[in-house]
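Step one of this worksheet: look at the structure below.
Taken together, the values in this text are just the output of simple stated rules run on the coordinates, not laboratory data. Computed from a predicted structure; not experimentally measured. All Cβ positions, even for glycine, are placed from backbone atoms using ideal geometry, and neighbour counts span all protein chains on display.
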Amino acid sequence: MASVTFEQVTKRFDDFVAVNNLNLAIEDGEFLVFVGPSGCGKTTSLRLLAGLESITDGQICIGDRRVNHLSPKDRDIAMVFQSYALYPHMSVYENMAFSLQLQGVNQTEINKRVQSAAAQLGIERLLQRKPKELSGGQRQRVAVGRAIVRKPAVFLMDEPLSNLDAKLRVQARKEISKLHQDLNTTFIYVTHDQVEAMTMGDRIAVMKDGILQQVDSPGNLYNNPNNLFVAGFIGSPAMNFFDVEQTTNEGEPCLKLGENLISIQKYLPQFIVDGGVTFKDRPLTLGIRPEDIYHPQYLPPDIPTVAVQATINMIEMMGNELIVYLTTAEQGEFVARFDPRATVKQGETLDVLWNVQRLYLFDREMETVIA
């Protein structure tokens, strides 16, 4: 096992900066997930750690070793790729044993490690099959097993579940999380799927345009995003955003949301200092998550709300909830998660209720949260 440290790591491809001054410390035994949209630098960061790309500036340490100039085979890491990269002419056993044979490990130890990994992953009966005889989920297990037998200090996984169907992805997420618990080894995982990130990671590193936006636990990332990008990327459906104006009502500071006035003193008192608002004269964006918008018939008790009249554009029945897309003349489009018992229909206009104790405020120009 080993910790991993990125210190001011930058990677340039000619004039394009793929990773920009990345500083990140990953603890020994931690499950860290890199997440972000395509082209954000998450896979490049993983490849820099693996030694598959050279670093332009900065340094990477695995444990106490600086590994910038070490070849991949000398870094004590094992990597699982999106494509699985199995040798088609080899059996499952041979695929799993191959790296150990290259290292000169004796055959008795190879047999022991392969059998142990196969039992751990439930693929003992597949050891004599070729990759073409396996399903996608089975190939994914073989690729993970090939990494396990090496007993690396760090496991690197680059979108290993993206080729699986939805049901298999859920199953594989559980298997990889359990594997991490059993091995108690450092895992670094790359995905574009924020659901994978939220369900698997001890911490999540959110990236955009090569820059680390925020690194935190899944709960803190969801409840306390530090900028508009993180707030909009983490959560499905995404957080709703609205431009709001600062105003006063009988001398009391308020936010103007369409025809509604939201008292800052009453609902956002953390922004009042010495009788004035901390964000005076700053352009504001208000955020609210879909689950904090309610159908009027199914409002939980003791929740202060503001009513917003909206028209239903589309409804998605999810079984345990309704995803409802709405629009207003003042706020534009937004999405809500309703109780599945709610009776709604496309084209209907109703007053939906927003929980004013679950509002987020961002500086519209800086795109940062107002704290």
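Mind checking the dipole of the chain: about its Cα centre, +1 per Lys or Arg Cβ, -1 per Asp or Glu Cβ, Debye to the nearest 20?
Details: 36 positive and 45 negative charges, 410 e Å.
Magnitude of the dipole: close to 1960 debye.
About its Cα centre, the dipole of the stretch 276-349 is roughly 100 debye, where the only charges are +1 on Lys and Arg Cβ and -1 on Asp and Glu Cβ.
The protection proxy used here, the mean number of other Cβ atoms lying within 10 Å of each residue, ranks peptides 151-159, 170-178 as follows, highest first: 151-159, 170-178. Shape descriptor for the stretch 285-356: Rg over Rh equals 0.92 (Cα atoms; Rh from the Kirkwood inverse mean 1/r). The slack in the chain from Asp274 to Ser236, taken as 0.36 nm per residue of separation less the alpha-carbon distance, amounts to 9.9 nm. Of all the options Thr108, Thr185, Thr43, the one that moves most in a Gaussian network model of the chain with Cα springs shorter than 10 angstrom is Thr108.
Put in order of Cβ neighbour count within 10 Å, fewest first, the listed residues Val277, Val230 become Val277, Val230.
Which shape class applies to the stretch 83-124: rounded if a/c is under 1.5, otherwise prolate when a/b exceeds b/c and oblate if not, where a ≥ b ≥ c are the square roots of the Cα gyration tensor eigenvalues? Working shown, then result.
Working: a/c = 2.15, a/b = 1.10, b/c = 1.95.
Note, shape of the stretch 83-124 comes out oblate.
Stretch Lys174-Gln346 to full length: gain in nm at 0.36 nm per residue minus the Cα-Cα span? Display every interim value, and only then the final one.
Details: separation 172, 0.36 × 172 = 61.92 nm, distance 3.74 nm.
This chain segment gains 58.2 nm when fully extended.
For the pair Ser83 and Asn313, a Förster radius of 35 Å applied to the C-beta separation gives a FRET efficiency near 0.35, rounded to the nearest 0.05. Distance from the alpha carbon centroid of the stretch 296-343 to that of the stretch 82-123 works out to 52 angstrom. Normalised by residue number, the volume inside the convex hull of the Cα atoms of the chain is 180 Å³ per residue. Mind giving me the FRET efficiency for Asn220 and Glu124? R0 is 56 Å, r the Cβ-Cβ distance, nearest 0.05 is fine. It comes to 0.90. Rounded to the nearest 0.05, the FRET efficiency derived from the C-beta distance between Val105 and Thr10 at R0 = 56 Å is 0.90.
Which value at 222 nm does the chain reach when only helices count, each DSSP H run of 4 or more adding -39,500 (n - 2.57), with the total divided by all residues and rounded to the nearest 500 deg cm²/dmol?
On the way: 9 runs with 89 residues, N = 371.
Computed ellipticity for the chain at 222 nm equals -7000 deg cm²/dmol.
Considering only Tyr325, Phe362, Ala342, the residue lying farthest towards the positive end of the dipole of the stretch 300-370 is Ala342, judged by Cα position with unit charges set on Cβ.
Give me the extension gain from Asp76 to Arg358: residue separation times 0.36 nm, minus the current Cα-Cα distance, reported in nm with one decimal.
Numbers: separation 282, 0.36 × 282 = 101.52 nm, distance 4.55 nm.
Value of the extension gain: 97.0 nm.
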